[in-house]
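Peer 1: What follows is a structure written as structure tokens; I'll ask about it next.
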Amino acid sequence: MRIFTRTRHLLLLLLSAVLLGAPAAHAAPPSTTAPPSTAAITEIPNFGDNPGNLQMFQYVPEGLPEGRPVVVVLHGCTQNATDYGNDSGWVELADAWQFSLVLPQQRLINNFNYCFNWFERTDTTRGSGEVASVISMVDYAIDAVGADSSRVYVTGLSAGGGMTSALLATYPERFAGGGIVAGIPYRCAAALYEAFMCMNPGKNLSPSAWGDLVRSASSHDGAWPTVSIWHGNADYTVAVANQRELIEQWTNVHGTDATPDRTDTVAGYPREFYEDANGNTVVESVTVTGMGHGQPVDPGTGEGQCGRTAAHVLDVDVCAAWHLGQTWNLS
């Protein structure tokens, strides 16, 4: 048992380092930025049931009225909630458009490089582990600020993108939409040994097989959350093949096919729209050509600009957070 545990810890360390190409962390990643307004990102130590042993941080703009949306923002490996919330652009958008943020943060005891455990069955099963902890945070936030429970969204980068997939699959009734950035389909891996193959080269399943994995994650029989998928085609950490598999998974869940019904561009990057029988966009996909592994941002104060560059937060002249917010009608 001791040898198995040591081997598993070494594999976790390697996986965490590979996900964002960083050396192993040995202390909580420090916060290096501050929110741009008088409001602050605040830790909520007692938010409810916490079977996944996560930390909760929250951002509430000054003077936020009741009935506004909530966005759950999930950092990638080696990152922390505060820096990712600021660097990705979500904090400045929350100020500008008046919505609150839930910012879960991983702990060292759970993962050596602060990756959310998207590849662990216990953390990606409804009612247990990390997904259940995040839902407790959402419940706390809705009650604390009087938010609109029908307008809760979730997004994340890399391991946070994988956990976004898991939350959309296990608690679809709780989210109106999701944004998966450089992420991985739900249940591509259900144990650590499968995770590397899922990251690169990726796993190729049929759309129906992917869809069945989502449908089996809950007893949901209502409308499914819409999904926006962002990926760089020069990403050699989480292969861009995962973008296609995510499209197949979520179009199948929505009862449509994986052939785009419309196309256009976002800041020159190709975007595809997948529509249901009523002509509503249920899945969209943006391929950021030439971008490696990271969160797309476009620093500045102009229309459509947000975010700031940092490790694995990449200035590619398009801010994914801004476009997700527009897709979700947050402005």
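No value in this document is a laboratory result; all are computed from the given coordinates. Predicted model only: the values in this text are computed from it and were never measured. Note: ideal-geometry Cβ built from the backbone for every residue, glycine included; neighbour counts use all protein chains shown.
Peer 1: Go over the candidates 185, 207 one by one and state the one that is more than 20 Å from residue 79 (Cβ to Cβ), under 18 Å from the mean Cα position of the chain (by Cα) and not hydrophobic (A, V, I, L, M, F, W, C).
Peer 2: Sole residue among the options that is more than 20 Å from residue 79 (Cβ to Cβ), under 18 Å from the mean Cα position of the chain (by Cα) and not hydrophobic (A, V, I, L, M, F, W, C): 185.
Peer 1: Considering only residues of the stretch 146-160 that are in contact (Cβ under 8 Å) with a residue 60 or more places away in the chain and within 23 Å of residue 219 (Cα to Cα), which is surrounded by the fewest Cβ atoms within 10 Å (Cβ to Cβ)?
Peer 2: Residue satisfying both the conditions and the ranking: 151.
Peer 1: Examine the stretch 107-120 for a residue that is closer than 24 Å to residue 324 by Cα and not in a loop (DSSP other than H, G, I, E, B), and state whether such a residue exists.
Peer 2: No, the conditions are met nowhere in the stretch 107-120.
Peer 1: Could you grab me the full set of residues in the stretch 206-224 that are part of a loop (DSSP other than H, G, I, E, B), among the hydrophobic types (A, V, I, L, M, F, W, C) and surrounded by fewer than 17 Cβ atoms within 10 Å (Cβ to Cβ)?
Peer 2: Passing the criteria: only 223.
Peer 1: Continuing with the same structure: Just name the residue that is surrounded by the most Cβ atoms within 10 Å (Cβ to Cβ) out of those in the stretch 276-316 that are free of Cβ contacts under 8 Å to residues at least 60 places away in the same chain, in contact with a helix residue (DSSP H, G or I) (Cβ under 6 Å, 6 or more places away or on another chain) and under 24 Å from residue 185 (Cα atoms).
Peer 2: 283
Peer 1: Could you check, for the stretch 183-204, whether at least one of its residues is aliphatic (A, V, I, L, M), in a helix (DSSP H, G or I) and buried (at least 20 other Cβ atoms within 10 Å of the Cβ)?
Peer 2: Checked against the condition, which is being aliphatic (A, V, I, L, M), in a helix (DSSP H, G or I) and buried (at least 20 other Cβ atoms within 10 Å of the Cβ), the stretch 183-204 yields at least one hit.
Peer 1: Would you mind stating whether residue 225 is in contact with a Lys or Arg (Cβ under 9 Å, 6 or more places away or on another chain), in contact (Cβ under 8 Å) with a residue 40 or more places away in the chain and under 17 Å from residue 157 (Cα atoms)?
Peer 2: Answer is no for this residue.
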